[in-house]
Structure formats: structure tokens, C-alpha cells
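Reading through the C-alpha cells given below for one structure.
The values are calculated or read from the model by the stated rules, or taken from the named source; none is laboratory data. It should be emphasised that the depicted structure is a prediction, and the values quoted were computed from it without experimental measurement. A quick note on method: Cβ atoms are made from the backbone with ideal geometry, for glycine too, and the neighbour counts reach across all protein chains shown. Remember, those area values only see protein heavy atoms, side chains included, never the ligands or the DNA or RNA. Shrake-Rupley method; radii C 1.70, N 1.55, O 1.52, S 1.80 Å.
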Amino acid sequence: MIRKNVSLDEVHLQKLQPLLEKHGGNLSAAIREVIDLVSLDSERSQIPEETGDLKNRKSSEVREQLIQNGECVMINQQTMKWLVKNSAGRLMDEDVVHELLNPYLITTVSGLKEFLNSTSKTTGWKIEVSCSFRGEVVPESFTMDFVGGDRDFRELLVETVCIFLSRWMDLDVEALHRKSNSVTVYLIHFVRHDSQSISPGVRKHFGAKDLLYREIERKPDFWVTLAELYTKFNYQRVNLDKSLFEALVAGKLPDITKYFELKADRSLREIPLSELLPLFKYLVVAPQLVNDVEICTEKGKEQIKIRHDYSEESVVLTLIQLFSNVFNAGWHSFTVNYVSELIIFDFSLPDTPELDAVKVSSGLDLE
């Protein structure tokens, strides 16, 4: 072995940084790989056709071996794209993720990147993966870029990788930035409380319809029948809780405050008005008690406009009392006006001790 001294400037070391990371900081190993790469480039320039044929032959042999041993199957690209598109919004099962990314073999982010690039070339997906992060084993923040390849296949790969990083490296998706030919994923470290739970960022960006899919699979007859009924009657249906329905049939005014507290996981007195109004819209429009709710949460101008298509005034007054009880339970002062198919709750009032009741423009006392 011949030893020689070589002087390197800081700019040269920066260029070698990727290879230094690859070899665990071993400068000699990094230099040797540079020499090997230069030698390969020189050989390629001399015999490009032979080298290309050799690469193609090797890739074909690898693909053939994957097919023969049952790891991969050949499938029409349009069929594959249809499957990917029609499973969008549903989270991939962890056992499927582990078939693609083995957590016992891939233990670092750099190792994950190398595996993805190698696999992408072998399978012909033509997706290039790059990343930047702080820390090697458990990075605190992490950015990953997926460039090239088919858009649907790229989305599938991004989801798979994010589920893997969430499950095994405690990284959650903070944001996604999609371009025509790339996806950039921003991940941050998060504290996992349940080893089996899906992190909130992964669920938000990839599992928007996951609950729907799983519930349909669990009770297909129920959900198919419900969909048929809603479609047949043009969504002119109201979905009511049994206790609420029972109270209405018995001529009583049901208490709906518990649904707000259950959803918010706290009492109504602890929910500020700026949070209560969007929650009100969510819980009232979802079961189709009313057609729509417009909200204004600007400080000092808080207001909601409730649109409905009920013709009976007694029904409208019952709705007003039902909704008023919610805001009264939260100690919010307001006035109510209603005309035709519109109910307006106005909260832009000074808080005074005597103003703790509901005022209605018709003069009807709802207390």
C-alpha cells in the first residue's frame, strides 16, 4: 500500500461531504470511491455502448429474478394507475409498508434514501430521492424530495415513506409541496404516545378518507343502503342521534350540548366563541339539521347565519331554542333574529350581567 499526503481546501471537503457521510467520516474511503467513479466515467466514455448494454442486461436480469421468486409481478401500467388513484385517501396498511421497507434492514435516513433510489432504478419507476436533515439516527427535522417518474406512482411512494418514517423514526409530516414533476415533504420530530397510532400529519395528508373506507368494509350493507337512500331523496334527509330523536318524538326539547363537549373534549364554558362557531357549523350541517351555516369569527363582529328550508314556524322556533341552549351553556350573550328561511345569531354585544338571556325580534320569550 502506497501512502501519500494530499492537501484539501474547505471547498473540496464540502464537495466530498456526501461521500464522507456515506463512509462514516472516513476520508480515505471517500477519496478511493472518487477515484473509482472517475475510472468508471473514463471507461464509459471509451466504450459507452458496451457499458449501456451491460447495464440494461443487468437490470433485466434483476427484474426477471424478482418476478421468478414472486417478489414482483408484471402489471399493465394503466391498471396500476387506476388502483393507485382509487385508493387515494386511504392509508396503506403497515404490513404492506414493511414488505416494501424493512425496518430491521433500514435504520437510518441515509440508508432509506439509498434503498429507494436503488429500488426505483430496478423497478423502472424513475423516481430520484434526495434528503437533508440534522442528526443521523433520529433527526429532529427532515426534508425529502421525490423527483421524476409517474405522478401517481410518486404519490404512492411518498405515502409509503411517510408512514415508515412516522412509525419507526418518530417523524410526522408538517407540510407537502407538490409541483408538476416533484413532491417535497417537510417532516418534524414528534412524541408518539401509542406505538400503533397513526401520526396526525400522516393522517391529515394521506388518510382523509381512511375512516370512510374502513367503516364501509366493516358494515358494507349499512353504508351502501344509506348512500342509496341519500341519493334517491337528493340528500333531503336528517341524521339524528337516537336520544335526540326520542326526545323530539316525546315532545321534549333535547339537549345537544353534550355533542359539542364530546367533540371538543371539554366543557362548553372552556370553548372560546372563536372556536365554538366553527364547531357549531360542523356539528349542525353534518347531520343536515340545516342547509348551511355562515360564520364570522372576527373579534367584536361574531355572528352566524343559519339557512334552512323548514316552513313550519314551530320547527324554526324549536331550532332557535335548541341552538340557544348551546350558546347559553357557554355563557355567550347574543340576540336572535329570524325571517323566512334564515336565522341570525349576533354575538357582537357588550358583556353585561343583565344580558344573559336570548332576545328574539319577534318578541317571543324563549326562556
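Annotations
- Solvent-accessible area per residue, Å², over the range 88-209 with all protein chains present [probe radius 1.4 Å]: 52 Å²
- Value of D in µm² per second that Stokes-Einstein yields for the range 312-351, Kirkwood Rh from Cα pairs, at 4 °C (1.567 mPa s): 120 µm²/s
- Computed on protein heavy atoms with a 1.4 Å probe, the accessible areas place 191, 238, 183 in the order 191, 238, 183, largest first.
- Diffusion constant of the range 106-180 at 4 °C, which comes from Stokes-Einstein with the Kirkwood Cα-pair radius and 1.567 mPa s, µm²/s: 102 µm²/s
- Under 18 Å from the residue 234 label point (7 Å along Cα→beta-carbon), backbone N, the range 290-330: 290-292, 308-311
- Entries of 113/204; 179/204; 85/305; 263/301; 232/252 with Cα pairs more than 29 Å apart: 85/305; 232/252
- Treating r as the C-beta distance of residue 255 and residue 217 and R0 as 30 Å, the FRET efficiency rounds to 0.30.
- When the trypsin sites (Lys or Arg not before Pro) in the range 186-273 are filtered for DSSP coil states and for at most 14 other beta-carbon atoms within 10 Å of their beta-carbon, the remaining sites are 192, 209, 237, 252, 266.
- Among the GluC sites (Glu not before Pro) in the range 245-298, those located in a DSSP loop and surrounded by at most 13 other Cβ atoms within 10 Å of their own Cβ are 298.
- Within-11-Å neighbourhood charge of residue 318 [Cβ basis; K, R +1; D, E -1]: -1
- Whole-percent carbon and sulfur share, accessible surface of the range 213-287, 1.4 Å: 55 percent
- In the assembled protein chains, residue 186 presents an accessible area of approximately 90 Å² (probe radius 1.4 Å).
- Using a simple spin-label model with pseudo-atoms 7 Å out from Cα toward Cβ, residue 285 and residue 313 lie 2.9 nm apart.
- Rounded FRET efficiency, nearest 0.05, which uses the C-beta distance separating residue 248 from residue 224 and R0 of 35 Å: 0.80
- Per atom type, the range 88-209 shows carbon and sulfur on 53% of its accessible surface, probed at 1.4 Å.
- In this simple spin-label model, placing a label point 7 Å from the Cα along the Cα-to-Cβ direction at both residue 78 and residue 262 gives a separation of 4.8 nm.
- Remark: the range 238-346 carries 55 Å² of accessible area per residue (probe radius 1.4 Å; ligands, DNA and RNA excluded).
- Convex hull projection area averaged over all views, the range 238-346, Cα basis, nm²: 6.5 nm²
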